[in-house]
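Chemist: Handing you this structure, nothing more for now.
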């Protein structure tokens, strides 16, 4: 019953919003895939520094748990590692059920794990190997994004962050599967932003260029001769550069930003031709 001249109160909607506020006050949490080391670990650590509890995914469960224990000891947060199995929906369901069982509804998920598709010459690559890249970079990420969104929807808030590549925009030789999957990642993120925005869920993509990984440091051809090293600022990304971008998209710092990309490549995409006359790192 309503009083004449007054609008009826939607008690169901009010109750849902109240539950959402209560759950939002819980300890904030993030799940980062491929986070046992390197860029993924730096991303997990960036969130841990901000007081987030952290869930770490890795193909080696022991290393993922070791990384979680390190963050726990350093920052006094709750952290847990999981073995992640590529394109296995049962594995995805088990992980997200366990996150919930630990008392969490995710605030953010960061997709750092990827199939790099290295050595796949387009004319000769087996189509199964080609599609394995898409199964990891697109299909598997979608499975996890949907599972995370189911939790985020309950409190009408959440952030999905994809770690893509500037190769989605300007490709490199013999990386057809990788480059095209990263391009598809941008479209998928935009679709999720549009489809799930009504649930308070945002989706964005970080586009790194070359990163100073161990693989890069140990390869003289990368450090001295690889064209992606010829950036306008004469430097390439540290792990922390990508982590800071992921933090921006994952946190409330970007609360009104969704369906877009942030390039972290030293200006490589901005230039038509790199200055290959200058000396690179010794």
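Chemist: Quick check: from the Cα gyration tensor, does segment 215-282 come out rounded (a/c under 1.5), prolate or oblate? Walk me through the numbers on the way to the answer.
Modeler: Working: a/c = 3.48, a/b = 1.95, b/c = 1.79.
Prolate.
Chemist: So, one more: Of the peptides 45-53, 72-80, how do they stack up when ordered by the mean number of other Cβ atoms within 10 Å, highest first? The partial results should precede the final answer.
Modeler: Numbers: 45-53: 20.7, 72-80: 16.1.
Answer by packing, highest mean first, reads 45-53, 72-80.
Chemist: Roughly what angle does helix 61-75 make with the longest principal axis of the chain, taking Cα atoms, 0 to 90 degrees, to the nearest 10?
Modeler: That helix lies at roughly 70 degrees to the long axis.
Chemist: Label-point separation (nm) for residue 199 and residue 183, each offset 7 Å from Cα along Cα-to-Cβ?
Modeler: 2.9
Chemist: While we're on this one: Compare 163, 109, 95 in a GNM of the chain, Cα atoms joined below 10 Å, and give the one with the largest fluctuation.
Modeler: 95
Chemist: Test of understanding: extend the Cα→C-beta vector of residue 276 to 7 Å, then name every residue of segment 152-188 with backbone N under 17 Å from that spot.
Modeler: In segment 152-188, the label zone of residue 276 (backbone N under 17 Å from the point 7 Å along Cα→Cβ) covers 171-174.
Chemist: Give the angle, between 0 and 90 degrees and rounded to the nearest 10, that separates the Cα long axis of helix 11-24 from the longest principal axis of the Cα atoms of the chain.
Modeler: For 11-24 against the chain, the angle is about 50 degrees.
Chemist: Given the -39500 (n - 2.57) contribution per DSSP H run of 4+ residues, what per-residue ellipticity at 222 nm results for the chain, rounded to the nearest 500 deg cm²/dmol?
Modeler: On the way: 9 runs with 113 residues, N = 282.
Helices in the chain give a 222 nm mean residue ellipticity of -12500 deg cm²/dmol.
Chemist: To the nearest 0.05, what FRET efficiency results for residue 66 and residue 256 with a Förster distance of 41 Å applied to their C-beta separation?
Modeler: Numbers: r = 37 Å, r/R0 = 0.91.
That pair, residue 66 with residue 256, gives E of 0.65.
Chemist: How do the peptides 245-255, 228-238 rank, highest first, by the average count of neighbouring beta carbon atoms within 10 Å per residue?
Modeler: Values: 245-255: 19.6, 228-238: 17.1.
Descending mean neighbour count gives 245-255, 228-238.
Chemist: Follow-up question, since we're still on this one. Please give the helix 176-196 orientation as an angle from the longest Cα principal axis of the chain, in degrees from 0 to 90, rounded to the nearest 10.
Modeler: 20
Chemist: Once R0 is set to 25 Å, what does the formula 1/(1 + (r/R0)^6) return for the Cβ-Cβ distance between residue 150 and residue 240, expressed as a FRET efficiency to the nearest 0.05? Mind dumping the intermediate values first?
Modeler: Numbers: r = 31 Å, r/R0 = 1.25.
It comes out at approximately 0.20.
Chemist: Next question. With an 8 Å Cα cut-off and a minimum separation of 6 or more residues, compute the relative contact order for the chain in percent. Present the calculation step by step, with values, prior to reporting the outcome.
Modeler: Details: 513 pairs, mean separation 48.5, N = 282.
That works out to 17 percent.
Chemist: Still on this structure, I have one more. Once you have a ≥ b ≥ c as the square roots of the Cα gyration tensor eigenvalues for the chain, tell me rounded if a/c is under 1.5, and otherwise prolate or oblate according to whether a/b is larger than b/c.
Modeler: On the way: a/c = 1.90, a/b = 1.73, b/c = 1.10.
It comes out prolate by the Cα gyration axes.
Chemist: Given a Förster distance of 22 angstrom, what is the FRET efficiency for residue 215 paired with residue 83, based on the Cβ-Cβ distance and rounded to 0.05?
Modeler: Values: r = 23 Å, r/R0 = 1.04.
So, using R0 = 22 Å, E works out to roughly 0.45.
None of the figures in this text is laboratory data; all of them are computed from the coordinates on show. Model, not experiment: these values are computed from the prediction. For neighbour counting, all protein chains shown are included, and Cβ atoms are generated from backbone atoms with ideal geometry for every residue, glycine included.
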